[in-house]
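See below for the structure under consideration.
The values are calculated or read from the model by the stated rules, or taken from the named source; none is laboratory data. All figures in this text were calculated on a predicted structure; none of them were measured in a lab. Please note: Cβ atoms are built from the backbone with ideal geometry, for glycine as well, and neighbour counts cover all protein chains shown.
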Amino acid sequence: MTLLDHAPSKAQLRRSAYRRRQTVYSVLVAASSTAALGTLLVIAVTGAPGWDRVRRSFLDPEIARDALPTVLSGLWLNVRLLVCCAVGALLLGLVIAVLRTLRGPVFFPVRALAAGYTYTFRGLPLIIVLYLLTLGVPGLRLQGMPPVLVLGGIALILTYGGYLAEVFRAGIESVHSSQLAAARSLGLTYRQTMRHVVLPQAVRRVAPPLLNDVVALQKDVGLVSLAGPIDAVRAAQIATAQTFNYTPYVVAGVLFVLLAIPLIAVTDWVTLRAARRQSGG
Amino acid sequence: MALLRCRGLRKEFGGHVVLDHLDLTVAEHQVVAVIGASGSGKSTLLRCVNLLDELDDGTIELDGEDISDPRVDPDRVRRRIGMVFQAYNLFPHLSVLDNITLAPRHVHRRVRAEAEAQARELLDRVGLGAKADAYPDRLSGGQQQRVAIVRALANSPRLMLLDEVTSALDPELVGEVLAMIRDLKADGMTMVLATHEMGFAREVADEVCFLDAGRVVESGPPEQVLGEPTQPRTRQFLRRIIEAGRL
């Protein structure tokens with residue numbers, strides 16, 4: 001390989017040496033400024049007049065250990081609900097988005113209904129939807145009423161389905177019309193064009209924002225506890241009420257962050273891959 | 001018998017007349033080159049023939065059938081017409097093989113193995129057999145356009161519409177695409193090609209149509225239209241082409 005045989009010129013050697021010095025200098029500056037800021041923060045917090053009291057009521061290791069099992073069992077509910085609601089909301093969002101793209105007068109009612117749905121549920125606060133479904137619907141006293149947890153899940157799916165439908169729709173519209181022309185010119189029907197050409201490209205393109213909404217959903221699933229079921233935050237609240245100590249909340253918060261990290265990492269990875277694909281690799 | 005017969009085609013876009021009483025007849029195995037300045041209506045003509053754009057007036061007959069009748073199923077018509085675009089329009093999420101077999105499998109309901117065997121054979125014939133499993137963004141422009149032609153051929157069309165298929169290519173890649181079209185002509189494929197390659201039009205076309213402002217101003221054998229044009233507008237257009245060094 002000529003690349004390996006190549007002996008750099010004097011000018012290149014000088015440039016490389018200069019760049020190495022610059023790199024070392026940058027690392028030193030970054031390290032010292034981080035250390036300085038960290039020290040300042042620690043001094044500001046621990047030196048505060050109320051620090052001892054805050055530490056006792058928020059960071060008590062003994063109470064954290066005692067609260068962990070109940071908070072964890074609450075978190076298990078969050079995880080199960082997250083998986084079901086994420087799948088449900090993604091499917092609902094995709095269906096609504098596709099319905100909104102249908103052309104032709106026959107589909108006017110379907111289009112209008114789908115559009116009305118996205119307007120309503122993106123505007124309506126989640127808490128109100130939750131109350132309507134978990135408190136209002138059981139009040140109808142119908143036969144075979146599903147448990148409150150399922151109703152709460154439906155409320156979450158309805159609300160997030162509205163957001164995800166708009167993300168999917170943006171993806172569908174981002175596929176250039178020349179792709180449709182190419183597919184239709186091959187004799188593919190509208191449905192086949194959607195299924196094989198438009199949707200695969202659209203979903204790939206909007207995967208990062210979709211996953212971002214799933215990360216947001218992860219925190220909102222806990223709101224079903226307003227209707228009774230005990231999730232991680234509610235479990236922490238109960239523990240707090242027993243001990244008059246806020247440490248269980250911190251435990252729940254740390255667990256939520258730990259739970260979010262893999263999902264956020266996947267989102268970042270997908271985003272990076274999408275960006276690489278866009279630039280042609 | 002005429003394979004394609006267009007009569008009195010009219011198309012407007014927002015008050016601007018793009019096709020104006022345009023007549024065009026293409027016999028079986030004939031190659032017609034449509035030339036003219038940008039905006040003269042070449043692409044719109046091809047898109048109307050493929051029913052991608054809706055006509056404002058006139059009729060189009062394919063094999064004697066009036067395909068401009070709104071009761072005709074456009075998907076059924078498009079299966080008999082292959083179209084190749086200036087910007088290739090390959091599907092970026094599908095491999096070369098899947099790009100080519102998409103229509104045979106889902107439109108013509110062929111089994112996968114059979115469709116893939118046919119696709120590989122077509123690819124081998126144009127020297128792209130090694131690229132079957134590659135994705136379009138790994139191919140050069142010339143290779144992508146050749147795949148796009150193969151994709152259209154996999155439908156065994158009666159008629160091929162080629163819309164400025166070399167205009168987006170680097171000059172050194174134009175030759176490989178033109179060679180493929182030359183082979184198609186030798187195989188007897190009926191083609192309408194909108195083109196800026198006057199030299200190629202002269203060589204491969206049986207008839208050249210000069211389009212200006214949506215009308216056929218002059219048509220006939222290439223030697224006549226490109227060599228001794230009778231219409232002043234054709235002469236003016238060709239003079240500009242020669243000045244640009246393209247003929």
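What residue, among those in segment A:243-260 that are part of a helix (DSSP H, G or I) and of a type in the set (S, T, N, Q), is surrounded by the most Cβ atoms within 10 Å (Cβ to Cβ)?
Going through segment A:243-260, the residues part of a helix (DSSP H, G or I) turn out to be A:243, A:247-260.
Checking the rest, the ones that are also of a type in the set (S, T, N, Q) come to A:243, A:247.
Values: A:243: 15, A:247: 24.
So, considering only residues that are part of a helix (DSSP H, G or I) and of a type in the set (S, T, N, Q), the one surrounded by the most Cβ atoms within 10 Å (Cβ to Cβ) is A:247.
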**Report entry** Hits in segment B:81-104 (condition: aliphatic (A, V, I, L, M) and in a loop (DSSP other than H, G, I, E, B))
**Finding:** B:87, B:90, B:94
Requested in this report: Take segment A:182-198 and flag every residue that is assigned to a helix (DSSP H, G or I) and either at the interface with chain B (Cβ under 9 Å from one of its Cβ atoms) or within 12 Å of residue B:91 (Cα to Cα) (or both).
Outcome: A:182, A:183, A:184, A:185, A:190, A:192, A:193, A:195, A:196, A:197, A:198
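Can you pull out the helices (runs of 4 or more DSSP H) entirely within segment A:1-68 that have at least 3 residues that are under 35 Å from the mean Cα position of the chain (by Cα)? Give the derivation first.
On the way: elements: A:2-5, A:10-46, A:51-58.
Ranges flagged: A:10-46, A:51-58.
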Query raised in the report: Residues of segment B:32-54 being away from chain A (no Cβ under 12 Å) and surrounded by fewer than 20 Cβ atoms within 10 Å (Cβ to Cβ), which ones?
Result: B:37, B:38, B:39, B:54
Query - The one condition in (1) within 14 Å of another protein chain (Cβ to nearest Cβ); (2) crowded, with 17+ Cβ neighbours inside 10 Å; (3) touching a helix residue (DSSP H, G or I) at 6+ places or on another chain (Cβ under 9 Å); (4) farther than 27 Å from residue B:203 by Cβ that residue B:83 fails to fulfil - result: (4)
**Report entry** Which listed residue, of B:57, B:73, is away from chain A (no Cβ under 14 Å) and farther than 19 Å from residue B:191 by Cα
**Finding:** B:57
Query raised in the report: Pick from A:167, A:148, A:175: which is in contact with a helix residue (DSSP H, G or I) (Cβ under 7 Å, 6 or more places away or on another chain) and modelled with pLDDT under 90?
Result: A:148
Query raised in the report: If you check residue B:148 against the conditions, is it part of a helix (DSSP H, G or I) and either at pLDDT below 95 or of a type in the set (S, T, N, Q) (or both)?
Result: no
Query raised in the report: farther than 23 Å from residue A:267 by Cα and among the aliphatic types (A, V, I, L, M) - does that describe any residue in segment A:196-204?
Result: yes
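For residue B:102, are the conditions met, namely being buried (at least 17 other Cβ atoms within 10 Å of the Cβ), out of contact with any Phe, Trp or Tyr (no Cβ under 8 Å at 6 or more places or on another chain) and within 13 Å of chain A (Cβ to nearest Cβ)?
Details: buried (at least 17 other Cβ atoms within 10 Å of the Cβ): yes; out of contact with any Phe, Trp or Tyr (no Cβ under 8 Å at 6 or more places or on another chain): no; within 13 Å of chain A (Cβ to nearest Cβ): yes.
Criteria not met by residue B:102.
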Query raised in the report: Among all residue pairs at least 6 apart or on different chains, which show Cβ distances below 6 Å where the first residue, located in segment B:42-67, is farther than 19 Å from residue B:217 by Cβ and the second is of a type in the set (Asp, Glu) and surrounded by fewer than 17 Cβ atoms within 10 Å (Cβ to Cβ)?
Result: B:56/B:12; B:59/B:66
Report task. Run residue A:211 past the list (1) within 24 Å of residue A:103 (Cβ to Cβ); (2) more than 12 Å from chain B (Cβ to nearest Cβ) and report the number of the one that doesn't hold. Result -> (1)
Query - Which numbered condition residue A:176 misses (of (1) farther than 24 Å from residue B:44 by Cβ; (2) surrounded by fewer than 22 Cβ atoms within 10 Å (Cβ to Cβ); (3) free of Cβ contacts under 8 Å to residues at least 60 places away in the same chain) - result: (1)
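Please state which one of A:83, A:54 is under 30 Å from residue A:155 (Cβ atoms) and either surrounded by 10 or more Cβ atoms within 10 Å (Cβ to Cβ) or among the small types (Gly, Ala, Ser) (or both).
Details: A:54 fails: under 30 Å from residue A:155 (Cβ atoms).
Going through A:83, A:54 in turn, just one is under 30 Å from residue A:155 (Cβ atoms) and either surrounded by 10 or more Cβ atoms within 10 Å (Cβ to Cβ) or among the small types (Gly, Ala, Ser) (or both): A:83.
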Query raised in the report: Mind checking which residues of segment B:149-179 are within 14 Å of another protein chain (Cβ to nearest Cβ) and either among the aromatic types (Phe, Trp, Tyr) or free of Cβ contacts under 8 Å to residues at least 24 places away in the same chain (or both)?
Result: B:156
**Report entry** Of all residues in segment B:122-145 being more than 14 Å from chain A (Cβ to nearest Cβ) and among the small types (Gly, Ala, Ser), the one that is surrounded by the most Cβ atoms within 10 Å (Cβ to Cβ)
**Finding:** B:142
Query raised in the report: Under the condition of being among the basic types (Lys, Arg) and either closer than 16 Å to residue A:199 by Cα or assigned to a helix (DSSP H, G or I) (or both), which residue from segment B:105-121 is farthest from the other protein chains (Cβ to nearest Cβ)?
Result: B:120
